[in-house]
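Asks: Take a look at this one; I'll ask things after.
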Amino acid sequence: MQVSATTKFARFSPQKGRLVADQIRGLSAAQALNVLNFSGKRAARVMKDVLVSAIANAENNEGADVDELVVSAVYVTDGPRLKRMSPRAKGRADRILRRMCHITLKVSDEEGKK
């Protein structure tokens, strides 16, 4: 059984989100929460909320045992970009792109993984 949770329009770049996603992919749910709690990255806070939501979905909707859950997949994809302008010399302007990302996290029990 595989259960997912998503968040959209997270206000950090996908590259920074993938750094955190690579740390928790394949870990058990308890280990992943521990890694995210002690990570200093801003993306870890959002990723922790998505993981807690996925665990709650598995427990309440599917009746899964929380101790057996494993983070089976984490996807961090590009979201829309906010386009901003910054003034430069001689009346010119530079474009600043504020990137956003979408996060999808899937947890499964170990039996479904084998």
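Each reported figure results from applying straightforward, stated rules to the coordinates on display, with no laboratory input. The structure displayed is predicted, hence computed values, not measured ones. Cβ placement follows ideal geometry from the backbone for every residue including glycine, while neighbour counts extend to all protein chains displayed.
Asks: Scan region 51-69 residue by residue and report those that are within 9 Å of A29 (Cβ to Cβ) and either buried (at least 19 other Cβ atoms within 10 Å of the Cβ) or polar (S, T, N, Q) (or both).
Replies: Result: L51, A54, I55, A58, L69.
Asks: Being over 20 Å from Q23 (Cα atoms) and in contact with a helix residue (DSSP H, G or I) (Cβ under 7 Å, 6 or more places away or on another chain) narrows it down to one residue among R99, R92; which is it? Steps first, please.
Replies: Working: R92 fails: in contact with a helix residue (DSSP H, G or I) (Cβ under 7 Å, 6 or more places away or on another chain).
Just a single option satisfies the conditions, and that option is R99.
Asks: Inspect region 74-97 for any residue being in contact with a Cys (Cβ under 9 Å, 6 or more places away or on another chain), over 16 Å from S4 (Cβ atoms) and surrounded by 11 or more Cβ atoms within 10 Å (Cβ to Cβ) and give the result as yes or no. Even if it seems obvious, please write down each step before you answer.
Replies: Our first condition is that a residue be in contact with a Cys (Cβ under 9 Å, 6 or more places away or on another chain); within region 74-97, this holds for 76-79.
Adding the requirement that they be over 16 Å from S4 (Cβ atoms) leaves 78-79.
Subset that is surrounded by 11 or more Cβ atoms within 10 Å (Cβ to Cβ): 78-79.
Yes, region 74-97 contains a residue that is in contact with a Cys (Cβ under 9 Å, 6 or more places away or on another chain), over 16 Å from S4 (Cβ atoms) and surrounded by 11 or more Cβ atoms within 10 Å (Cβ to Cβ).
Asks: Go through region 1-19 and report how many residues are touching a residue at least 40 places away in the same chain (Cβ under 8 Å) and in contact with a helix residue (DSSP H, G or I) (Cβ under 8 Å, 6 or more places away or on another chain).
Replies: 10
Asks: Then there is this: Looking at region 20-41 only, could you name the residues that are in a helix (DSSP H, G or I), surrounded by 14 or more Cβ atoms within 10 Å (Cβ to Cβ) and of a type outside the set (G, A, S)? Talk me through it step by step, then tell me what you get.
Replies: In the first step, residues of region 20-41 are kept if they are in a helix (DSSP H, G or I); the result is 20-24, 29-37.
Now narrow it down to the ones that are surrounded by 14 or more Cβ atoms within 10 Å (Cβ to Cβ): 20-21, 23-24, 29, 32-33, 35-36.
Hits for region 20-41 are V20, Q23, I24, L33, V35, L36.
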